[in-house]
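K.L.:
Sharing a structure below in structure tokens format, with a few things to ask.
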Amino acid sequence: MNPQIEKFLKCKKLAFVGLSRSSKKFGNTVYNELNKKGYELYPLHITEKEINSIICYPDLASVKDKIEGLLINTSPKNVVPVLEEAAALNITNIWLQSGAESAEVYETAKKLNLPIITNNCILLYAQPVQGFHKIHRIIAKLFGKL
């Protein structure tokens with residue numbers, strides 16, 4: 001497995017960008033699954049203080065616990081400011097879920113010297129892998145992509 005992914009998976013306190021009021025959004029699925037797997041998640045939201053009884057933080061600096069990693073599952077237009085803040089706070093374990101990437105995001109990460117994990121779904125890696133992600137994981141292994 002990719003050493004960067006292994007390192008990220010060892011992080012148990014994660015800032016999370018992508019929690020939504022809409023239960024149909026994939027960010028909520030990721031949040032709920034990781035929560036069940038024992039990750040301590042600190043959702044960041046620029047406008048909401050609480051979503052579905054979950055406290056949200058306006059930015060990384062507002063989280064009082066030590067953040068070990070950052071998982072981003074949002075539109076690329078919201079990513080650059082979070083990467084800039086992560087760099088300022090020396091948070092270097094960063095995972096971008098599919099859909100959070102753009103040329104500007106990649107350029108910013110490179111400029112800030114931030115290693116980022118992209119083109120992978122965390123639910124294929126965070127143990128135990130369940131549901132259709134388990135099938136995707138088997139297929140990825142067969143094709144040497146895991």
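K.L.:
Please report the net charge: other residues with Cβ closer than 13 Å to the Cβ of TRP95, K and R +1, D and E -1.
P.N.:
-1
K.L.:
Put one equal scatterer on each alpha carbon of the chain, apply the Debye formula with no solvent term, and list log10 I(q)/I(0) at q = 0.09, 0.14, 0.20, 0.21 1/Å to two decimals.
P.N.:
-0.26, -0.64, -1.34, -1.46
K.L.:
Per DSSP H run of at least 4 residues, take -39500 (n - 2.57); add these up for the chain, divide by its residues and hand me the 222 nm value, nearest 500 deg cm²/dmol.
P.N.:
Taking each H run of at least 4 residues, the total per residue is -10000 deg cm²/dmol.
K.L.:
Looking at the chain as a GNM with Cα springs under 10 Å, which of GLY18, GLY131, GLY27 has the largest mean-square fluctuation?
P.N.:
Judging by the Gaussian network model, the answer is GLY131.
K.L.:
Give the shape of the range 1-84 as rounded, prolate or oblate, defined through the alpha-carbon gyration tensor: a ≥ b ≥ c are the square roots of its eigenvalues, a/c under 1.5 means rounded, and otherwise the shape is prolate if a/b is larger than b/c and oblate if not.
P.N.:
Rounded.
K.L.:
While we're looking at this one, here's another question. Antiparallel as a % of all DSSP beta bridges within the chain, to the nearest 5?
P.N.:
The antiparallel proportion sits near 10 percent.
Bear in mind these aren't lab numbers, they're just calculated from the coordinates by the rules spelled out. Model, not experiment: these values are computed from the prediction. No Cβ is skipped: glycine too gets one built from the backbone with ideal geometry, and neighbour counts run over all protein chains shown.
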